[in-house]
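Here is the structure we will look at.
The values are calculated or read from the model by the stated rules, or taken from the named source; none is laboratory data. Because the structure is a prediction, the values reported are computed rather than measured. Neighbour counts run over all protein chains shown; Cβ positions are idealised from the backbone, glycine included.
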Amino acid sequence: MRLSKVSSEFDFAFDFHYICIKISTEHMLAVLIVSAVLLLIAILLLGVRVFFVKNGKFPNTHIGGSKAMRARGIGCATSQDREAQKDSKRLSTSEIVNEIINNN
């Protein structure tokens, strides 16, 4: 008799566990679908100008693309670094080592 009681408790626990997994899987699927829909809506809203305007482009938010910043002489750090590298001379490894030794 005791064995049948344990068996029925095990069956209940197994059934309960199965139901919980089934419910959580259904909830997970619902959350996944809702997330995918929200992501799709966000991408469409961000790309309205690109997708629906002829020859549409994303706005240029780069510092170099701002007329006010260019008028003040302010540019992108990457662009300024590229220009500075162009103007500077290239040093060989031995010249760099000699410069380090001479400065110390």
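What to note about this one:
- Qualifying residue in the stretch 55-70 (condition: closer than 30 Å to LEU44 by Cα, assigned to a loop (DSSP other than H, G, I, E, B) and either in contact (Cβ under 8 Å) with a residue 24 or more places away in the chain or of a type in the set (Val, Ile, Thr) (or both)): yes
- Filter result for LEU3 (aliphatic (A, V, I, L, M) and at pLDDT 75 or above): no
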